[in-house]
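Every number here is computed from the coordinates shown, using simple stated rules; none is lab data. All figures in this text were calculated on a predicted structure; none of them were measured in a lab. Here the Cβ is made from the backbone with ideal geometry for all residues, glycine too, and neighbour counts use every protein chain on show.
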Amino acid sequence: MITLYHCVSARSFRVLWMLEELGVPYELKMLPFPPRVLQRSFFEANPLGTVPLMLDGTTRMTESAAICQYLAQRFAPDTLNVGPGEADFGAYLNYLHFGEATLTFPQTLVLRYARFEPEARRSPQIADDYTKWFLARLRVLESHLAAHRYLCAGRFTAADVSVGFALLSAQHLGLHTRFTPGIAAYWQRLNKREGYVRAMQAQDVAARAQGVSPVPAPDTTP
Ligand SMILES: N[C@@H](CCC(=O)N[C@@H](CS)C(=O)NCC(=O)O)C(=O)O
């Protein structure tokens, strides 16, 4: 069975959301955020100290977008995945990785320099610069999403999970109020999906059952 190490609403939520969309059985191991400080034994499982960590037999993965790609190809090759024989194969891979590398990276800097660093090391300038960076890069999706329900292939895919997580993270930062209309409507479509709602519930239930705070990681002060 697949094992997922997860902190509430951290990047590992991408993987949890995928698992719920797929209906694949999994074991969810909740960690307090950040595990590097609050659960140092996790370094034995993942020397990076980061989530996600996903174990599937002898397969061990720590990159959320790559895990989404792996799960889609393995368990839903014709639905959540986009195959090399489809016209949108390249667009799919590009959006899948755009969600992490281009949209989530700048938000990490905003979180760090607006919230996580001790007061003396915070930097409103860095937070402001990377907020603008994020919103400018997000805006490139507006015209496409105003005309299409999903990012590519005319259906919901793992690329939507990857970008959707970046929108969830933006919501935690209060940036959703600055989404353009097409993106705001897309975000509403995504967060009403049954798979998304089930993933939200699953992390809450598991956190409480395992004695971990159910407060989302982006709202936590380490
Ligand atoms: N590129 C990796 C980044 C993983 C990552 O940095 N995860 C964050 C949670 S959102 C983490 O575990 N942070 C804890 C720390 O840095 O100590 C991915 O997409 O999975």
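Test residue 36 against the criterion of being in contact (Cβ under 8 Å) with a residue 12 or more places away in the chain, charged (D, E, K, R) and under 25 Å from residue 156 (Cα atoms), and give yes or no.
In short, no.
Pairing each residue of the range 53-73 that is within 18 Å of residue 166 (Cβ to Cβ) and in contact (Cβ under 8 Å) with a residue 60 or more places away in the chain with any residue that is near the ligand (Cβ under 10 Å from one of its atoms) and among the small types (Gly, Ala, Ser), provided the two are 6+ apart or on different chains, yields C-beta distances under 6 Å for 65/162; 68/162. Among the residues of the range 129-138, are any more than 16 Å from the ligand (Cβ to nearest atom), of a type outside the set (Lys, Arg) and touching a Pro at 6+ places or on another chain (Cβ under 8 Å)? Looking for residues that are more than 16 Å from the ligand (Cβ to nearest atom), of a type outside the set (Lys, Arg) and touching a Pro at 6+ places or on another chain (Cβ under 8 Å), one finds at least one in the range 129-138, hence yes.
Residues in the range 140-187 that are of a type in the set (Val, Ile, Thr) and either surrounded by fewer than 15 Cβ atoms within 10 Å (Cβ to Cβ) or assigned to a helix (DSSP H, G or I) (or both): 140, 161, 163, 177, 183. From the list 170, 146, 158, 166, the one residue that fits, being within 15 Å of the ligand (Cβ to nearest atom), more than 29 Å from residue 27 (Cβ to Cβ) and touching a helix residue (DSSP H, G or I) at 6+ places or on another chain (Cβ under 6 Å), is 170.
The number of residues in the range 176-208 that are more than 16 Å from the ligand (Cβ to nearest atom), of a type in the set (A, V, I, L, M) and touching a residue at least 12 places away in the same chain (Cβ under 8 Å) comes to 5.
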